[in-house]
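Notes follow once the structure below has been shown.
Computed from the coordinates by the stated procedures, all read-outs in this text should not be read as laboratory data. Bear in mind that the values here come from a model prediction, so they are computed numbers and not experimental data. Counting neighbours? That spans all protein chains shown, and the Cβs are built from the backbone with ideal geometry, glycine included.
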Amino acid sequence: MEIWMNSVEELVKLIKTKKINAKELQSYYQNRIITLDEKLKAFIEYKRDYQKPKSPLTLEGIPYALKDNILALDTRTTAASKMLWNYHSPYNASVVEQLSSSGAVLIGKTNMDEFSMGSTTENSAFFATKNPWNLECNPGGSSGGSAVAVSTGMVPFALGSDTGGSIRLPASYCGVVGLKPSYGLVSRYGLIAFCSSMDQIGPITRSVRDAAFILNVISQACPYDSNKIDVHKDYLKDIEEPVRGFRVARIHETVEKNCDSLIRKRFEEAVIKLQWLGVKVDSVTFEQYHQAYPVYKVLSNAEASSNLARYDGLSYGLKFKTDDKVNQSAQTRQRGFGQEVKRRILQGTMNLSQPNENSYYKQALAMRSKLSKHINHLLTIYDAIISPVSGRTPGKLGENLNIHQVEPYDVHTCLANLAGIPAISVPMGYTEKTPVGIQFMAARFADDKLLQIARAFEKTAGFYEDGFYPAPHLEGIQDA
Amino acid sequence: MLKTIIGLEIHAQLKTQTKAFCNCANDSQSQPNTNICPICTGQPGTLPRVNRMMIKQAIKAAIAFNGKISHRIVFDRKNYFSADMPKGYQITQHQQPLAQNGWVEILNPTRKKKITINEIHLEEDSARTIKKKDPLSGKEKYYLDFNRSGIPLIEIVTAPEISSPKEAAELFEAIHMILVYLDICDGHLELGTIRTDANISLLNSQTGKRTGRVEIKNINSFKNLEKALTYEEEFLIDQFHNFPSEKALTKDWDEKTRATIPSRDKETSCDYRYFEEPDLPEIRLEHETISQFAQQISENPFERLERLIHDYHLRFDIAKSLIIDRPLADFFEQTMKILSTDEMKHLILRDVKAYLNHSGKDIVQTHLTPEKLYQLLKYIKSGQIAPTLKTKLLKTLCETPKETETIIEEENFIKIDDQDSLLKILETVIKENEEQYEAYICGKNELLKWFIGQMIKRTKGRTDPKLIIRIIKKRMGGIE
């Protein structure tokens with residue numbers, strides 16, 4: 001067994017028992033990045049020299065990576081956009097402060113879809129990231145770089161951000177665990193905003209236990225995000241408790257339509273495994289289920305059009321130099337934003353515009369509260385709701401660049417963001433070459449229960465043996 | 001019959017320690033860009049935090065203007081591009097203003113008129129644009145000073161119930177005074193901490209025909225408001241038939257030329273794409289909180305105005321000029337408790353005021369106390385001090401912390417009224433100026449003044465001029 005296959009928890013033990021020292025561990029991971037990343041392209045930037053841990057506490061110098069839309073001093077934060085290609089972070093995001101005060105060490109910033117807009121990590125202004133399980137496929141997105149980095153052991157864990165499924169989808173396609181915590185559990189201060197009412201930072205890890213371990217650090221108090229609520233829970237405390245007698249709902253609509261047959265098969269197997277654990281699985285119908293995605297689109301584009309207004313080239317970021325001062329900002333935005341970003345800004349602007357204010361945006365808001373109400377009602381009856389993370393397998397690189405022409409990836413994931421509830425993606429098997437995940441959702445701030453049931457499933461899933469998920473074959477990559 | 005219809009939108013900076021949504025000092029006057037942080041410069045990833053002091057002060061204003069206060073405090077984003085607005089939107093209150101349907105009385109000696117306040121809402125100020133020559137190229141350049149960015153403002157919107165430019169100025173003055181009395185705005189018109197926009201249109205009350213609206217932006221004095229509106233009123237009378245109701249014009253007030261100039265803004269109706277600020281959760285206001293704040297409000301300036309007129313028999317304009325200077329009004333009332341004679345009133349309203357105007361000081365910045373002033377008056381009345389020395393002594397009282405008695409003794413203020421000493425001094429004058437003496441006794445009576453001057457100089461003003469004249473005439477003769 002190789003060192004990189006270890007969970008964060010195991011690594012901490014190894015350091016504590018002096019089986020390995022933190023400095024060696026860091027250069028070990030840095031070397032893995034140097035070897036592997038040329039082919040996989042998960043990183044936008046990484047540190048080659050030794051990064052001294054700020055304090056030798058809980059995380060004992062464990063290295064980690066950040067999605068490149070989270071600010072950290074001494075790094076650029078680009079959001080994978082030309083607009084911010086030269087933007088040096090002037091402050092630390094709250095999660096970065098928390099992690100570094102716990103002893104973790106940032107060694108790289110990972111690739112993503114530009115401003116998190118996309119589901120493939122191909123919408124990066126710099127380069128596409130490859131899926132390590134099948135180099136011809138995309139890794140999912142938008143936190144694709146973070147998922148690939150963890151899946152291939154270039155870092156023991158990474159942070160991503162999730163607005164409509166951006167942590168869970170790439171975690172699913174890369175065979176790792178991706179947690180989107182409850183809205184308000186983790187501070188968003190220092191996360192480049194896409195859709196402020198749905199964005200949430202979360203960990204991508206090699207086990208459910210690690211997700212809880214990292215959540216314990218990043219859910220600490222922070223005064224900078226007014227929507228943050230301090231819950232004060234130890235997410236590892238009851239994580240191994242049995243789940244016998246739990247009630248879980250599967251939403252009928254999720255596998256009925258537009259679901260890949262292999263994914264459906266894996267999902268049915270997963271349901272049986274849950275039943276072995278003594279979990280009662282009911283099928284429920286959710287009439288308005290398919291409203292979630294269009295509602296998500298209208299609201300997220302609307303908020304994005306406002307959140308991205310600050311990128312005007314006046315005081316930071318890309319600045320298109322022209323004598324035509326009046327149009328300088330327009331020219332900068334024209335050149336700095338990618339197609340997908342511009343498309344969404346335009347749509348969002350239109351959705352907020354007065355003639356439509358009482359139609360699209362307001363209707364979507366009303367529907368959001370209806371959908372949230374319904375899902376919250378279900379979650380008073382059930383401990384969790386399950387579905388495949390996505391009904392689709394990852395596309396071939398290049399094939400999804402025209403996203404609006406194909407069936408979207410995030411129809412099952414965006415509901416959790418609309419309702420602000422926690423959701424997690426846990427590997428449940430393979431399709432042809434690539435892994436695929438099951439999604440669990442729980443009531444808001446029942447992140448502990450969510451992790452408990454996900455952990456129980458992880459242990460039973462069959463291919464998670466001796467505490468390790470299988471890893472992609474990297475020989476070919478390393479040789480290249 | 002043409003009727004003038006005027007409405008005001010007053011912006012007042014609140015007197016909080018810190019800015020509206022970050023911890024920077026609320027001080028726009030220091031060196032440019034010294035009171036700034038990632039939040040008020042609109043850096044990516046930053047989030048606003050509500051300043052509770054701002055809410056408290058705004059509620060006080062709402063109470064003072066008799067508004068109906070909303071029990072939910074919600075913020076909205078007003079989306080538009082402006083170089084001085086780093087986020088690309090302004091945080092304001094649109095859908096649910098802090099207070100609605102209030103009223104305020106106009107400050108006028110002859111009649112009272114209530115003007116409806118449509119709404120009072122909170123918002124943030126923008127950065128300041130400074131136009132300066134580039135020292136290298138000599139070209140005019142625009143610079144941004146973010147010290148002002150994010151300073152809390154309240155906007156007070158009146159109903160279009162004002163019927164003349166003079167009335168508009170009186171209303172602006174009344175609102176200004178109330179805010180200063182609430183101690184929530186420092187009221188410095190010249191620094192722009194309070195400023196107003198005004199809109200004006202005309203109505204033919206017989207035909208019902210209405211002109212378009214002219215809006216004048218950023219007026220920062222009562223006089224200028226009256227002047228600008230009078231100018232536009234004449235323009236509208238002149239153009240009554242050429243400026244129909246669907247037309248609108250925006251003009252800027254130019255402080256240098258003291259005239260209105262057509263605004264640089266385009267004449268399009270703006271679509272601000274308002275939506276609720278997702279980064280700020282709503283704040284619930286309890287009844288108790290509001291009544292608690294109401295109790296902290298001290299006397300209303302109008303009540304004080306009436307009291308000053310009634311209790312101290314002051315003229316309206318004198319009383320008004322006194323309450324505008326709140327600390328001086330406090331000083332006046334304290335002194336009146338000790339002695340409320342007309343002499344004392346004159347001493348404060350004429351002499352103390354003259355000193356303050358001349359020195360540019362505030363009464364609290366001087367060492368003057370009611371007790372010291374009372375002693376001064378006592379010395380003058382008893383005849384121990386020549387009235388000519390009053391100004392000089394008052395200046396000394398203001399500038400040193402010593403008691404009146406001590407100053408008078410140390411600095412030789414006591415009047416010289418013994419005739420022998422005066423005669424001695426006169427003899428010296430005669431001895432040294434024989435030429436003038438001869439001329440005088442030969443009948444050149446105009447030289448009397450010259451001799452008086454010499455005597456005042458030599459006694460350092462410590463003599464009653466009448467006494468000097470008497471002694472001169474006694475010694476040298478002359479027409480009684």
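A helix-only calculation puts chain B at -11000 deg cm²/dmol for mean residue ellipticity at 222 nm, using -39500 (n - 2.57) for each DSSP H run of at least four residues, averaged over all residues. Each residue of the range A:141-153 was assigned a 3J(HN,Hα) from its phi angle through the Karplus expression (A = 6.51, B = -1.76, C = 1.60, θ = phi - 60°), giving x, 8, 7, x, x, 5, 5, 5, 4, 6, 4, 9, x Hz with x at Gly and Pro.
For the range A:1-121, the relative contact order comes to 28 percent (Cα pairs under 8 Å, sequence separation of at least 6).
Counting only alpha carbon atoms, the long axis of helix B:326-338 and the longest principal axis of chain B meet at about 40°. For the residues of B:35-43, the average number of beta carbons from a partner chain within 10 Å of their own beta carbon is 4. In this simple spin-label model, placing a label point 7 Å from the Cα along the Cα-to-Cβ direction at both B:Lys113 and B:His358 gives a separation of 4.0 nm.
Please say if the range A:40-194 is rounded, prolate or oblate, where rounded means a/c under 1.5 for a ≥ b ≥ c the square roots of the C-alpha gyration tensor eigenvalues, and otherwise the choice is prolate for a/b larger than b/c and oblate otherwise? In terms of gyration-tensor shape, rounded. For B:Gly45, the residues whose modelled amide H falls within less than 5 Å of its own, excluding neighbours fewer than 5 places apart on the same chain, are A:Ala193. Relative contact order of chain A, taken over Cα pairs closer than 8 Å and 6 or more residues apart, is 19 percent. The angle between the Cα long axis of helix B:222-238 and the longest principal axis of the Cα atoms of chain B comes to about 60 degrees, rounded to the nearest 10. Of the GluC sites (Glu not before Pro) found in the range A:236-276, those in coil by DSSP whose Cβ has at most 11 other Cβ atoms within 10 Å are A:Glu240. Between the range B:15-42 and the range A:201-217, the alpha-carbon centres lie 37 Å apart. Its DSSP H runs of at least 4 residues, each contributing -39,500 (n - 2.57), put the calculated 222 nm mean residue ellipticity of chain A at -10500 deg cm²/dmol, to the nearest 500. Note that the range B:172-188 has calculated 3J(HN,Hα) couplings of 4, 4, 5, 5, 4, 5, 4, 5, 5, 5, 6, 6, 10, 8, 7, x, 6 Hz, one per residue in order, obtained from phi through the Karplus relation 6.51 cos²θ - 1.76 cosθ + 1.60 (θ = phi - 60°); glycine and proline are x. Fully extending the segment from A:Ala366 to A:Glu432, taken as 0.36 nm per residue of separation minus the present Cα-Cα distance, adds 19.7 nm. Taking a ≥ b ≥ c as the square roots of the eigenvalues of the Cα gyration tensor, the range B:2-290 is classed as oblate, since a/c reaches at least 1.5 and a/b does not exceed b/c. Label-to-label distance, A:Lys321 versus A:Lys237, with points set 7 angstrom from Cα along the beta-carbon direction: 5.9 nm. Annotation for the range B:259-320 versus the range A:233-300: alpha-carbon center distance of 54 Å. Relative contact order of the range A:74-135: 31 percent, from C-alpha pairs under 8 Å at least 6 residues apart in sequence.
In the frame of its principal axes, the range B:69-165 has Cα extents of 58, 38, 19 Å, reported largest first. Which residues among the range A:274-292 fall inside the zone where the amide N is under 15 Å from a point 7 Å beyond the Cα of A:His374, along Cα→Cβ? Only A:284-292 fall inside the zone, counting backbone N under 15 Å.
In a simple Cβ point-charge model (Lys, Arg +1; Asp, Glu -1; nothing else charged), the protein assembly as shown has a dipole of about 580 debye relative to its Cα centre. Sorting A:Phe194, A:Phe246, B:Phe146 from the fewest to the most surrounding beta carbons within 10 angstrom yields A:Phe246, B:Phe146, A:Phe194.
The stretch between A:Glu136 and A:Lys52 holds 26.5 nm of extra length on full extension. This uses 0.36 nm per residue minus the Cα-Cα distance. Quick one: order A:Tyr360, A:Tyr311 by neighbouring beta-carbon count within 10 Å, fewest to most. Least to most surrounded, the residues fall as A:Tyr360, A:Tyr311. Taking amide H as placed 1.01 Å from N in the peptide plane, the amide H of B:Asp76 sits under 5 Å from that of B:Thr92, B:Gln93, B:His94, B:Glu277, each at least 5 places away or on another chain. Here the spin labels are modelled as points 7 Å beyond Cα on the Cα-Cβ line, and at B:Asp271 and A:His88 they lie 4.1 nm apart. Compared with the direct C-alpha span, the chain from B:Glu405 to B:Asp183 gains 76.3 nm at full extension, assuming 0.36 nm per residue. By the count of neighbouring beta-carbon atoms within 10 Å, fewest first, A:Val389, A:Val255 end up ordered A:Val255, A:Val389.
On the beta carbon distance between B:Phe316 and B:His367, with R0 = 41 Å, the FRET formula returns roughly 0.85.
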